[in-house]
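Worksheet for the structure shown next.
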Amino acid sequence: DVKVTQSSRYLVKRTGEKVFLECVQDMDHENMFWYRQDPGLGLRLIYFSYDVKMKEKGDIPEGYSVSREKKERFSLILESASTNQTSMYLCASQQQEPNYGYTFGSGTRLTVV
Amino acid sequence: GEDVEQSLFLSVREGDSSVINCTYTDSSSTYLYWYKQEPGAGLQLLTYIFSNMDMKQDQRLTVLLNKKDKHLSLRIADTQTGDSAIYFCAESINNQGGKLIFGQGTELSVKP
């Protein structure tokens, strides 16, 4: 069964810390995505990547960066965590055939105090 | 720009049918999807429909697509308490390299 693994389910960090959220997929997918999910706001795209060492800004990239050094791993970096980055973070990878759907990880609930 | 709209809440009684509706704006969408999110979990692909189809049935799930009105619906027959979750509609956008655009999600509550 295909898998997207996010390294932590729950994380608590202090304001100003540098935070790394890791995502690994075992399906050899080229496309990977990072979203954040907040009540009433749905899913908002932060960054995405269509290939190794390639990244594109999504709708809300401010305060975030990403790294894709290997095809299977897509990391989200909060350069200096702030309380308004408290959220659920979801990673996804995208298959090509047959339906271009996403496979999501279980999510990381990040609390910044 | 592209937009996907859903109502936020739906409440049904166990055993009834649930119908979750979605409207989208991009007529070039090739695939439309329904995802399910249980509490504290990621999203799971429930079903999808190709844009040249009107209907797709998969056990208790029926997807209807009205391309003229850009309307997608998900019907869950004989709804169970285990169906309580948030359901997201999504469309794939050809001209954005395959990114999916998600609705805000409909929270389905099933009462015994």
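Since every read-out is calculated from the coordinates, none of them should be taken as a lab result. Please read these numbers as outputs of a predicted model, since none were measured by experiment. As a convention, Cβ positions derive from the backbone with ideal geometry for all residues, glycine included, and neighbour counts pool all protein chains shown.
Quick notes on this one:
- Between A:ASP26 and B:GLU38, the simple spin-label model (points 7 angstrom out along Cα→Cβ) gives 2.0 nm.
- Under a Gaussian network description of chain B, with springs only between Cα atoms under 10 Å, the residue in B:ASN66, B:ASN21, B:ASN52 that fluctuates furthest is B:ASN52.
- Shape class of region B:53-108 from the Cα gyration tensor (axes a ≥ b ≥ c, square roots of the eigenvalues): oblate, since a/c reaches 1.5 or more and a/b does not exceed b/c.
- Convex hull volume per residue for chain B, taking Cα atoms only, in Å³: 95
- Listed residues B:LYS67, B:LYS99, B:LYS56, most fluctuating in chain B (Gaussian network, C-alpha, under 10 Å): B:LYS99
- Largest GNM mean-square fluctuation among A:GLY40, A:GLY101, A:GLY63, using chain A with Cα springs under 10 Å: A:GLY40.
- Counting Cβ atoms of other protein chains within 10 Å of each Cβ in A:13-21 and taking the mean gives 0.
- Summary of the geometry: region B:31-108 and region A:27-41, compared by the centres of their Cα atoms, lie 16 Å apart.
- From the alpha carbon centroid of region A:60-110 to that of region B:9-30 is 27 Å.
- The mean number of Cβ atoms from other chains found within 10 Å of a Cβ in peptide A:35-42 is 3, as a whole number.
- Computed from point charges on the beta carbon alone (+1 for Lys and Arg, -1 for Asp and Glu), the dipole magnitude for the protein assembly as shown about its Cα centre is near 440 Debye.
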